[in-house]
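Student: Submitted below is the structure of interest, expressed as structure tokens.
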Amino acid sequence: VLSIGINLSQIKECNFSCEYCQVDRRKALLKDRKIDLNILMKELEDLTKLAVSKELFLIDHFKNAPERFKILKDISFSGDGESTASPYFKDCAGRVIDFIQKKKSEGIEIKPIVITNATMLHKTSVADILKKMNTMGGGPWVKLDSGNEKEFQKISETDFPLQKILDNIILFSKSNPVILQTILYKYSNEKLSFSLNDYINCINDMKSKSAQFKHIQLYTLARETKIRELMGVSEELLKEKANLISHKTGVDVKIYP
């Protein structure tokens, strides 16, 4: 299925610097990009029309896309940084919500998605937007890539402690179930990126504090990363770990090889 992405990062800034990220922040833009939301919404309108009419798939770059990818499913805030930390997020998200509601009145169903590292979930202005998106069939896909502080800091390279992330997830998901998104990869020495037992214990601890999860998306590397020694894992290993996580947490796990 097709997702239209919105990138609100101005100079490839983010409050994480994940080792597996495809964005190389060592080569940041030298000058801020001003984001004109009127232009952004015009582009969104035009691209949505192309996708819904299937004209998009007449373009050479997309013409060989399988039929199952020719359905517009969502509009996703993702891009080069943490969207919820952008000064443009509140205004842009409001416009996108209005846009999707207008499309629904025209018989076009699109979900609003925000891929987030959970650092801003405690902010009322952010939480209110994500709650609204939840009622529209979308909402946040919350990143959680490890279950202990040492691994979390190695992977994420951030000033935020893991416990702050977990507290935010619990706070938000008590009344608004979330999708967790977790990446699993390995290093050149074959060691996996995170300890499965610690991750499982982390999920169960959050559940014991009333956190609610729709499901977990478990995926692996698909693009070049800034750290060259990282490698994706096999579909078989993803299935094995997904089954174990699901069995020990009671949360459904979907894999994306």
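Derivation of every value follows stated rules applied to the coordinates shown; laboratory data play no part. None of the values given here were measured: they were computed from a predicted structure. Positions of Cβ are backbone-derived with ideal geometry, glycine not excepted, and every protein chain shown enters the neighbour counts.
Student: What do you get for trypsin sites (Lys or Arg not before Pro) in the range 219-257 restricted to DSSP loop and a cutoff of at most 13 other Cβ within 10 Å of the site's Cβ? Show your work: numbers first, answer last.
Tutor: Working: sites: 223, 226, 228, 239, 241, 248, 254; in loops: 223, 226, 228.
Of the trypsin sites (Lys or Arg not before Pro), the ones in loops of the range 219-257 whose Cβ has at most 13 other Cβ atoms within 10 Å are 223, 228.
Student: Run the numbers for residue 229 and residue 131: contour at 0.36 nm per residue of separation, minus the present Cα-Cα distance, in nm. Please report the intermediate quantities before stating the final value.
Tutor: Values: separation 98, 0.36 × 98 = 35.28 nm, distance 3.84 nm.
In short, 31.4 nm is gained.
Student: To continue, here is another question. Could you work out how far the C-alpha centroid of the range 37-111 sits from that of the range 223-252, in angstrom?
Tutor: 29
Student: Considering only DSSP beta bridges whose two residues both sit in the range 110-257, what percent are antiparallel, to the nearest 5?
Tutor: Details: 3 of 20 bridges.
About 15 percent, rounded to the nearest 5.
Student: Continuing with the same structure: What do you get for trypsin sites (Lys or Arg not before Pro) in the range 1-80 restricted to DSSP loop and a cutoff of at most 16 other Cβ within 10 Å of the site's Cβ?
Tutor: Details: sites: 12, 25, 26, 27, 31, 33, 34, 42, 49, 54, 63, 68, 70, 73; in loops: 12, 31, 33, 34, 54, 63, 70.
Those satisfying the criteria are 31, 33, 34, 54, 63, 70.
Student: With no other cysteine's Cβ closer than 4.7 Å, which Cys residues of the chain count as lacking a disulfide-compatible partner?
Tutor: So, 14, 92, 202.
Student: Relative to the longest principal Cα axis of the chain, at what angle does helix 89-105 sit, 0 to 90 degrees, rounded to 10?
Tutor: Result, in degrees: 60.
Student: Hey, another quick one. Counting only DSSP beta bridges with both residues in the chain, tell me the antiparallel percent, nearest 5.
Tutor: Numbers: 3 of 30 bridges.
Once the DSSP bridges in the chain are tallied, antiparallel ones form about 10 percent.
Student: Something else about it: I need the semi-axes of the equivalent ellipsoid of the chain: take the C-alpha gyration tensor, multiply each eigenvalue by 5, square-root it, list largest first in whole angstrom. Could the numbers behind the result be given before it?
Tutor: Working: eigenvalues 170, 91, 82 Å².
They are 29, 21, 20 Å, listed largest first.
Student: I would also like to ask the following. For the range 120-257, take every pair of Cα atoms, bin their distances at 10 Å starting from 0, and report each bin as a whole percent.
Tutor: Result, from short to long distances: 12, 42, 35, 11, 0 percent.
Student: Work out how much length residue 91 to residue 39 would gain on full extension: take 0.36 nm times their residue separation and subtract the Cα-Cα distance, in nm to one decimal. Write down the numbers at each step before the final one.
Tutor: Values: separation 52, 0.36 × 52 = 18.72 nm, distance 1.35 nm.
Result for the pair: 17.4 nm of gain on full extension.
Student: Tell me the net charge near residue 218. Cut-off is 10 Å between Cβ atoms, residue 218 excluded, with +1 for each Lys or Arg and -1 for each Asp or Glu.
Tutor: On the way: positive: 239, 241, 254; negative: none.
Here the count lands on +3.
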